[in-house]
Amino acid sequence: MLGTLNGALEVRGIKLAGDAIAADVIGINEVRDRLPVLTRIEIRYRLRIPAGTRETVDRALATHGDKCPTAASLKGAVAVTWTAEILED
């Protein structure tokens, strides 16, 4: 999803340096019939964005999950949630 988010930002004219966009991801497993099964993925984005671009970044964040091939592949089987820590330069 990080790549999809980065692409959504670039399409909107916001190109972030490699050290300005990152994500921490946690996969949560539940045991079902004695088998650990991935049921949830929690993503915490860390973004350092140019001043004055917050509204555009918020729009990209709001829609990027619907455009992500990985999220679409997991839909219905694994819940994917995200939060964002955003710092404006």
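Values for this structure:
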{"item": "Any hit, region 58-73, residues being β-branched (Val, Ile, Thr) and modelled with pLDDT of 95 or more", "result": "no"}
{"item": "In region 25-51, the residues that are touching a residue at least 12 places away in the same chain (Cβ under 8 Å) and either out of contact with any strand residue (DSSP E or B) (no Cβ under 7 Å at 6 or more places or on another chain) or not in a strand (DSSP E or B) (or both)", "result": "50, 51"}
{"item": "Where a residue in region 7-19 is farther than 14 Å from residue 46 by Cα and open to solvent by less than 60 Å² (accessible area, probe 1.4 Å) and its partner, wherever it lies, is part of a helix (DSSP H, G or I) and of a type in the set (D, E, K, R), with Cβ under 7 Å and at least six apart", "result": "8/67"}
{"item": "Scope region 43-89; condition open to solvent by 80 Å² or more (accessible area, probe 1.4 Å), farther than 14 Å from residue 4 by Cβ and among the hydrophobic types (A, V, I, L, M, F, W, C); matching residues", "result": "87"}
{"item": "Residue check, residue 33 on the phi > 0 side of the Ramachandran plot, modelled with pLDDT of 95 or more and exposed (fewer than 13 other Cβ atoms within 10 Å of the Cβ)", "result": "yes"}
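The values are calculated or read from the model by the stated rules, or taken from the named source; none is laboratory data. Please read these numbers as outputs of a predicted model, since none were measured by experiment. As a convention, Cβ positions derive from the backbone with ideal geometry for all residues, glycine included, and neighbour counts pool all protein chains shown. The accessibility values were calculated without ligands, DNA or RNA, using every heavy atom of the protein model including side chains. Shrake-Rupley method; radii C 1.70, N 1.55, O 1.52, S 1.80 Å.
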